[in-house]
Amino acid sequence: MREAAENLEATFLSEMLKSAGLGASRSTFGGGIGEGQFSSFLREAQAKDLVKASGIGLAEALFEAMKADING
């Protein structure tokens, strides 16, 4: 359950990083089409690293909610 909660937090953070413009292709001196195609992998890796470094607490809240739901 904890792993599922951490994966969900990483997905959430990845989308937030995307919305913030992290990994957006530059118009000049960029990496070309490959940069746009692989920027999502970089965002996902950065989001997973954020979660491993305690994240924003979303995974813990989700884990506790799932645990409470199972215990009734």
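The values are calculated or read from the model by the stated rules, or taken from the named source; none is laboratory data. Nothing here was measured: the structure is a model prediction, and the numbers come from that model. Methodologically, a virtual Cβ is constructed for each residue, glycine included, from the backbone with ideal geometry; neighbour enumeration extends over all protein chains shown.
A Cβ distance below 8 Å, combined with a sequence gap of six or more or placement on separate chains, defines the contacts here; from region 48-72, residues that are surrounded by 15 or more Cβ atoms within 10 Å (Cβ to Cβ) reach residues that are of a type in the set (Lys, Arg) and part of a helix (DSSP H, G or I) in the pairs Ala59/Arg2; Phe63/Arg2. Inspect region 24-47 for any residue being assigned to a loop (DSSP other than H, G, I, E, B), modelled with pLDDT under 90 and among the aliphatic types (A, V, I, L, M) and give the result as yes or no. Within region 24-47, one or more residues are assigned to a loop (DSSP other than H, G, I, E, B), modelled with pLDDT under 90 and among the aliphatic types (A, V, I, L, M).
The selection criterion, being modelled with pLDDT of 95 or more and either exposed (fewer than 12 other Cβ atoms within 10 Å of the Cβ) or among the polar types (S, T, N, Q) (or both), holds for Thr11.
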